[in-house]
1. Averaging the inverse of every distinct alpha carbon separation and then flipping it gives the Kirkwood radius. What is it for region A:104-194, in angstrom units?
2. Enter the Cα centre distance for the pair region B:128-197 and region B:275-329, rounded to the nearest angstrom.
3. Which of A:Ala477, A:Leu30, A:Trp105 sits farthest toward the positive end of the charge dipole of chain A, with +1 on the Cβ of Lys and Arg and -1 on the Cβ of Asp and Glu?
4. Please list, short to long, the whole-number percent of alpha-carbon pairs of region B:262-415 in consecutive 10 angstrom bins beginning at zero.
5. Given the options A:His322, A:Ser52, A:Val292, identify the residue whose Cα lies farthest towards the positive end of the charge dipole of chain A (+1 on Cβ of Lys, Arg; -1 on Cβ of Asp, Glu).
6. Plugging the Kirkwood radius over Cα pairs into Stokes-Einstein for the protein assembly as shown, at a temperature of 25 °C and a viscosity of 0.890 mPa s, what D comes out in µm²/s?
7. From the label point of B:Ala221, set 7 Å along Cα to the beta carbon, how far off in nm is each other copy's matching point, shortest first?
8. Give the order of B:Ser144, A:Ser429, A:Ser399 when sorted by the count of other beta carbons within 10 angstrom, beginning with the fewest.
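Throughout, read-outs are computed from the coordinates displayed, never taken from laboratory work. Because the structure is a prediction, the values reported are computed rather than measured. As a convention, Cβ positions derive from the backbone with ideal geometry for all residues, glycine included, and neighbour counts pool all protein chains shown.
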Number of protein chains: 2
Amino acid sequence: MDAAAFRAAAHAAVDRMADYLESVALRPVLPPIEPGSLRGLFPESAPEAPESLDTILADYDRLIVPNATHWQHPGFMAYFASSASGAGILGEMLVAVLNQNPMLWRTSPIGTELEVVVVDWLRRGLGLPDGFEGLLTDTASTSSLVALAAAREAAGTEAATAGLAARDDLAALRVYASAEAHSSIEKACMTLGLGRASLVRIPVNERFELMPHALDVAIAADRAAGRRPIAIVATLGTTSSTSVDPVAAIAGIAEREGIWLHVDAAYAGAVALLRERRSHFEGWERADSIVVNPHKWLFTPVDASLLLTRRLDQLSAAFSLHPEYLRTLDRATPVRDFTDLTPQLGRRMRALKLWIELRWFGLEGLRRRIGHHIELARELANAVDADPDWERLAPVPFSTVCLRWRPERLAEAAVDDANAAIMDAVNRSGEVFLSHTRLDGRFTIRVAIGNLRTERRHVERAWELLREAARTVEADADLP
Amino acid sequence: MDAAAFRAAAHAAVDRMADYLESVALRPVLPPIEPGSLRGLFPESAPEAPESLDTILADYDRLIVPNATHWQHPGFMAYFASSASGAGILGEMLVAVLNQNPMLWRTSPIGTELEVVVVDWLRRGLGLPDGFEGLLTDTASTSSLVALAAAREAAGTEAATAGLAARDDLAALRVYASAEAHSSIEKACMTLGLGRASLVRIPVNERFELMPHALDVAIAADRAAGRRPIAIVATLGTTSSTSVDPVAAIAGIAEREGIWLHVDAAYAGAVALLRERRSHFEGWERADSIVVNPHKWLFTPVDASLLLTRRLDQLSAAFSLHPEYLRTLDRATPVRDFTDLTPQLGRRMRALKLWIELRWFGLEGLRRRIGHHIELARELANAVDADPDWERLAPVPFSTVCLRWRPERLAEAAVDDANAAIMDAVNRSGEVFLSHTRLDGRFTIRVAIGNLRTERRHVERAWELLREAARTVEADADLP
């Protein structure tokens, strides 16, 4: 495809893209299909001969778009929202054409130095002190894995060099996180060879927040048993209920014990842009590492996760390698070779889309949108609280409301199934997509606000659909 | 940014993108700057107020583009090429606007099933049998890490559950790869807690190919010492010289020993699309896992790495976790939840760009381009062989030529410095970017052909520049 053909094709693609954004709210959020129904729509083999772009794009319209789950839909309130702003999409377009690989300074000077700049812009915006530096990874899973790998080295295990197996000198290693901490922490323990067994789940209080005293007890018990604590993970905004672990108290414990503190603020960290809401985060500046995901509540297209740390040297200890074919003849010292800090060698130029977005929104623009989402969640929480048939199952520190239908006339044994049926009905409406969790063992519907395109009317509609579905479930169940 | 504003802005961006592709060959491949010169060009903080797109894009033209290393430049022959085709860039545009996250079937039915389709298209194209299934990851580093994590589980270590530390029952673990294997294998051992110490580097022959007898000896010695071999990595196309390990013989050893065989064909695997060149790969179908990178020689924008395996169950053993908030109410079994197979939860919809590219090029179109690159490398190798002042340092099975200036009149002690100076001069020309390695301890210039936009004249020009630089070095050195 020469540049002229590319120009024509890309203009045609842009019209498709703008049409999509214009009409996405009219589509069903979830495609009304069952698993396995798509694969057979495609040929078994790639074509031998080239096909025309017209044919391919017509198939894109026919086969791809209608079968997507529409993360860009204003009714997408499942999981945590991940919506791509227009500015972010423009960023991805420019990222694709430059096709940088900022693994070394030499392989992308601007990719490298712009990442340093943008990481620092975010650090300042979040109100974190100078000592924090960092990088952009693909996902919070990777950011937390990198943090725990650094913690593993900082604890003096020499895991990256000597390894963990068959070492007489090495105690069992332990990582602490709340019972509500995200599965990515457990997965990082699996990947790093610490094993799921290394993760000690600390009980939470009735607000789903880690209890520092229980953490103290667990660490003391492990030390007494000859195990070696290497890291604590505090979550600011857990996945199920967005609960906020008491990070200042936890930081005190980490400091006393001399172990790494990692803060998982993948979802809620964006709220620290708002000065008036920083109380949730007090103490996180004492962490060794912090993850905040721009591809969640900062409207950046997937993928982009920010990892900040005060101990970049420990990331290097975990990941730096210098084979000859990656050495360069630069006369000055590279500003940074980002590959020294991650499990991957190659990487995308994620800084570019963030640089464009941060300038296009401005910090004020981001604060305004995030603040509005928090307000919408508060309004929904109030509506739930005001309805005697509904129950709110957790505090709402940010923008996610945990709720269930719980009329007094309904037997407790029937509540979980009723709420599963309600959520399923709402999701099948195509107007809204919600996900669930369990809190204290109870089936909990989550309404997660944070999509760039979600407005008050969409949240109101979600609430209306929930109550409609409850009425249907009640009628079907023939309750008294 | 509403859809109308996005439409206008994106059309403006497309013109910039097409202009870039039209003019990239006129830019210096490497920006003529020193490390540290860019960071100061940007403000210390993100702006408070929004800025206009015109301002931002003007800065993009002024600050970003001139300071990029131009991977899209036809003179980029460093490392292994990674060039983004027009079709691939279109794919990235559509990926960005759909913003799918195919972590679960439910979160992107089409992202999930299309990935199954495209992975199978590539498998068939590469001539691999039915038993291979797989996924797309970000990089070969991740693909190899996933493979070795699966190997770790397949060996019965229970690393993902029990962990590797403080286990009386666990022998020291060992992974085998050639002295020329890529650093990503070593990094995977670091990340996985196996440690660099677990990687046994097997000597290579004079063609830089792993010697199976040496592998036999190493495994036997480790077993005798009570260590547990868990994986062998065979490289088809090493980074320094593109040497080809004897995979059939190695597969025989892996089968006899009952350990995992991973094949790193990140660069050269694309050549298996050409039936007449499959002899290099004979035996790879006996591997447990294989990595081939579409973002190298299949012209896909960064990032996209293909991991194929016959043992998907072991990937699940290494990475599968099912917290409640990731469960869905789908009535049928999901086709696949890709997050079960990787260290990351979230992921990009990489399948879309590959689907577009594979159709746009057709397998024939890809074969023709790859075949042409191999021909260009052969021509350069012949030119080097014909010049008495130059020496070729390795066979050329694919498209990378390893060479150095080695006139008889030059003292051996001066050869390395002279070649470093030659490469540096060529790179400073701005017309061509080459990288180096060491083979048998000797400074080796690599000319890596595989960029979509590289034509015969660019390779000829690289050769001309090398000889010119040698003449200058010789004049400066005042040789006899």
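1. Over region A:104-194, the inverse of the mean reciprocal pair distance is 15.6 Å.
2. Cα centres, region B:128-197 to region B:275-329: 14 Å.
3. It is A:Trp105, whose Cα lies furthest towards the positive end.
4. 9, 26, 27, 19, 11, 5, 2, 0
5. It is A:His322.
6. Values: Rh = 28.6 Å.
D, rounded to a whole number, is 86 µm²/s.
7. Ordered by distance, the counterparts are at 4.6 nm.
8. A:Ser429, B:Ser144, A:Ser399
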